[in-house]
Amino acid sequence: MRSSNPVFSRRGFSRDNGYAGFNAAPQAGGPAVGTQANPYAQGNPYAQGGNPYAQNPYAQQDLQHGAPPQAPVSTGRMTMDDVVMRSAMTLGTVTVGAILAWALLPVSSTSYGLAIGAALVAFVLAMVQSFKRTASPALILGYAAFEGVFLGVISEMYNSRWSGAPFQAVLGTMAVSGATLLVYKAGWVRVTARYARIGMTIAIAFVVVTAVNLLLVVFGVASDGGLRSMGPLGAIVGILAILIGAFFLTLDFKQIEDGIAYGAPKEEAWLAAFGLTMTLVWIYVEMLRLVAIFSGDD
């Protein structure tokens, strides 16, 4: 069962990224974000033109005649509306794929095989997009569609044994996401270079240990799922996985916030939606397992 976010080198935090650089000095005139450097400031091609509205040819004329200033023309820069709309499209595609898979693929070994196949295709599409320097809506929506099929099948499987588990997992995912956003906006968590470095180290270690555990289970060395069992140990690992998912959400929020503040292009909204979708899928799958563990064999 796929339960790990396939991408750990998140856009905006990698050293070779054109928009990256926690250690870079902010561009002159750029907005201050705490004391940390702007992730988009290193070689930011969007900061060169300065304020796109500063040279509005209609602004001076409107002020002279006492008329309200004209609405600024579109500059092709990312806004929060762009992020919300792309995220709604991506998550909507996941939801539609999940509903169709749930309705059309009854629980069986065949549907389980299709779920694994869909997860592998989604993983490949996610990796291809992750290594591209520009967003590809087709790849992102394709990933969302196949991920939806995977989620629909496994959700139905869980629901057949633990009735209501998917609904509880959705509520849990919403609760974790909302709480993480609240903590981030309240300033209780500051996404600094040290924070990102420590979190990424823990996340990578978690995935490596999980992969080793999977191999041990496959070859019969570890029984009952090993670290990913349905017992207390599995619950502890599941809670840790959800906390890692919340960590990724803070990186997503920071990336979106800085992208808007420092004039990232409109296409970056697709990458923001892509990152949010992967993180929410991670949290949902882990929440689904956690609900099943706490539900027992009932």
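So, taking all protein chains as they sit and a 1.4 Å probe, how much accessible area belongs to GLU267, in Å² rounded to tens?
110 Å²
The range 263-282 to the range 76-144: how many Å between their Cα centroids?
The range 263-282 and the range 76-144 have Cα centres spaced 12 Å from each other.
Determine, from the Cβ-Cβ distance of LEU100 and ILE198 and an R0 of 45 Å, the FRET efficiency 1/(1 + (r/R0)^6), rounded to the nearest 0.05.
So the FRET efficiency works out to roughly 0.65.
How would TYR143, TYR195 line up by accessible area, probe 1.4 Å, largest first?
Ranking TYR143, TYR195 by accessible area, largest first, yields TYR195, TYR143.
How far apart, in nanometres, would the label points at MET85 and VAL208 be if each is projected 7 angstrom from Cα along the Cα-to-Cβ direction?
4.3 nm
Say R0 is 51 Å: what FRET efficiency, to the nearest 0.05, do TRP188 and THR110 get from their beta-carbon distance?
The calculated FRET efficiency here is 0.60.
Label points 7 Å out from Cα along the Cβ direction at ALA261 and ILE236: separation in nm?
Label at ALA261, label at ILE236, 3.8 nm between them.
Between SER223 and ALA179, how many nm apart are label points set 7 Å from Cα along the C-beta direction?
3.5 nm
The values are calculated or read from the model by the stated rules, or taken from the named source; none is laboratory data. All of these numbers come straight from a predicted model, not from anything done at the bench. Methodologically, a virtual Cβ is constructed for each residue, glycine included, from the backbone with ideal geometry; neighbour enumeration extends over all protein chains shown. Side chains are part of the model used for accessible areas, which takes the heavy atoms of the whole protein and leaves out ligands, DNA and RNA. Shrake-Rupley method; radii C 1.70, N 1.55, O 1.52, S 1.80 Å.
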